[in-house]
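Note sheet for the following structure.
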Amino acid sequence: MSTHASAASADVEHIRSMVTGFARTQELYVAVSLRIPEMLVDGPRSATALATECRAHATSLHRLLRKLAVHQVLFEESNGDFRLLPAGHLLRRDDPNGLASLVLWLGDVNYRAQAGLLRAVQTGQTAFDQIFGESLFSYLERHPETSAHFQELMQSGIADRLPAILSAFDFSSSRSIVDVGGGTGLMLSAILDSAPHAHGAVFDAPHLATDATVRFQSRGLASRAEFVPGDFFSDSVPVGADVYVLSNILHDWDDARAEQVLRNIRTAMHPQSAVLVIQELVPNSVLEAPSVAGSDLSMLVLTGGRERTEREYQDLLERARLKITTIMPIASTQHFLGRAQRWAILVGRAVPR
């Protein structure tokens with residue numbers, strides 16, 4: 001076979017693998033939803049026994065299990081039983097890597113929303129809104145289990161970046177910190193641990209208040225941390241903090257709405273306040289950080305937001321009367337397609353009125 005023909009054949013297989021990826025997503029989603037990995041922890045079992053426990057159709061489940069064996073998630077024994085392979089253990093909900101939550105999130109939310117990508121590309125409208133009939137964050141407020149998967153994914157990313165964030169920016173001299181859009185308080189808790197004289201608040205949607213309060217109490221931070229419910233588009237951000245944190249928030253929104261968030265923070269800041277915009281940056285060549293291309297398209301599909309270059313963030317902050325004074329690259333151990341992500345802390349200060 002000629003080199004050209006061999007290359008063409010490889011390209012054919014590459015495209016075939018890409019276009020059939022949707023099926024693999026759902027195969028893993030169904031397995032995790034039915035808790036198949038957990039049922040196989042203690043050893044091999046038959047499809048019939050598994051079907052009885054998870055209330056599935058035995059013959060249909062057997063067909064799924066065979067496909068999972070092809071994916072090397074399971075192994076089919078000579079007697080027809082199935083056992084869990086190392087990759088399958090990663091799909092257990094008690095595994096600390098969070099892949100089960102990722103599979104459940106992608107299979108339930110991204111998979112369905114992706115059906116609206118063609119129209120989103122044609123019109124610029126958010127695919128999720130087209131398919132679900134409401135915004136992502138409205139949907140999460142009404143679906144606590146899906147919201148829990150989302151929060152777990154967000155916390156996994158925060159936990160990955162936290163050591164680099166705490167190394168890059170010194171919070172020890174800050175007396176008050178507000179994490180805008182801080183979810184259930186993982187980042188704020190870590191910051192307060194590093195700044196024992198500081199008090200802090202998470203400012204986010206009311207449905208996250210209970211989990212955040214429980215976290216603060218379990219970390220011994222109940223006297224120094226609070227949850228302030230609110231909408232960062234329309235409600236007043238807590239006033240007068242030394243540091244405002246926006247971690248992985250602005251990319252959720254288009255320029256107009258992102259600017260509104262920044263303007264509301266600018267209104268709350270005192271003259272010496274800093275705002276920390278923590279985001280992945282679009283590089284000059286997307287191949288330098290391929291993850292950002294996937295994240296950017298996900299924003300189009302899920303929220304109508306976008307990833308931005310360093311220059312675009314500078315322009316965005318300037319329109320909100322904020323100026324980036326420092327850019328701190330931060331390392332991420334999470335990889336995409338074998339390449340590291342490109343994250344940074346953009347430190348903004350208020351421009352005098």
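The table below gives the values:
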{"read-out": "Net +/- balance of residues flanking residue 330 in space, Cβ distance below 11 Å, scoring K and R +1, D and E -1", "value": "0"}
{"read-out": "Label-point separation in nm, residue 87 to residue 118, each point 7 Å along Cα→Cβ", "value": "3.0 nm"}
{"read-out": "Angle between the chain longest axis and helix 144-168 axis [Cα atoms, degrees, rounded to 10]", "value": "60 degrees"}
{"read-out": "From the coordinates shown, Rg/Rh (Cα atoms, Kirkwood Rh) corresponds to which of (1) 0.97; (2) 1.02; (3) 1.31", "value": "(2)"}
{"read-out": "Helix-only [θ]222 nm of the chain, DSSP H runs n ≥ 4, -39500 (n - 2.57) each, per residue, nearest 500", "value": "-14000 deg cm²/dmol"}
{"read-out": "Principal-axis tilt of helix 58-70 within the chain, Cα atoms, nearest 10 degrees", "value": "70 degrees"}
{"read-out": "Pairwise centroid distance, computed over Cα atoms, of region 189-266 with region 101-129, Å", "value": "28 Å"}
{"read-out": "Relative contact order, percent, the chain [alpha-carbon distance under 8 Å, six or more residues apart]", "value": "12 percent"}
{"read-out": "Estimated dipole of region 125-197 in Debye, rounded to 20 [Cβ of Lys and Arg +1, of Asp and Glu -1, Cα centre]", "value": "180 debye"}
{"read-out": "Charge tally in the Cβ shell below 9 Å around residue 136, where Lys, Arg are +1 and Asp, Glu are -1, residue 136 excluded", "value": "-3"}
{"read-out": "Net charge dipole size for the chain [Lys, Arg +1 and Asp, Glu -1 on Cβ; Debye, nearest 20]", "value": "200 debye"}
{"read-out": "Region 70-173 - charge dipole about Cα centre, Lys and Arg +1 at Cβ, Asp and Glu -1, debye rounded to 20", "value": "240 debye"}
{"read-out": "Shape category assigned to region 154-277 from the gyration tensor of Cα positions, a/c cut at 1.5", "value": "rounded"}
{"read-out": "Residue 309-residue 235 FRET efficiency (beta carbon distance; Förster radius 35 Å; 0.05 resolution)", "value": "0.70"}
{"read-out": "Relative contact order computed over region 1-136 (Cα-Cα under 8 Å; 6+ residues apart), in percent", "value": "21 percent"}
{"read-out": "Positive-end residue, the chain charge dipole about Cα centroid, Cβ charges, pick of 232, 44, 209", "value": "232"}
{"read-out": "Peptides ranked, highest mean first, by Cβ atoms within 10 Å: ranges 103-115, 214-226", "value": "103-115, 214-226"}
{"read-out": "Förster radius 56 Å - calculated FRET efficiency between residue 54 and residue 12, Cβ distance, rounded to 0.05", "value": "0.90"}
{"read-out": "Those residues of region 104-128 whose amide nitrogen sits under 19 Å from the label point placed on residue 33, 7 Å along Cα→Cβ", "value": "104-116, 128"}
{"read-out": "Cα-based convex hull volume of region 1-92 per residue, rounded to whole Å³", "value": "118 Å³"}
{"read-out": "Under 5 Å, built H, 5+ apart or other chain: amide partners of residue 85", "value": "74, 75"}
{"read-out": "Unit charges at the beta carbon, dipole of the chain: most positive-side option, 102, 309, 168", "value": "309"}
{"read-out": "Cα-based shape type of region 61-205, given that a ≥ b ≥ c are square roots of the gyration tensor eigenvalues and the cut on a/c is 1.5", "value": "oblate"}
{"read-out": "Selection from 64, 262, 284, by position along the positive dipole direction of the chain (Cβ)", "value": "284"}
{"read-out": "Part-to-part distance (alpha-carbon centres) for region 135-169 and region 277-327, which is given in Å", "value": "18 Å"}
{"read-out": "Label-point separation, residue 77 to residue 254 (7 Å along Cα→Cβ), nm", "value": "5.7 nm"}
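A short reminder: the numbers here are calculations on the coordinates, not readings from a lab. On a predicted model such as this, the values are computed, not experimentally measured, just so you know. Neighbour counts run over all protein chains shown; Cβ positions are idealised from the backbone, glycine included.
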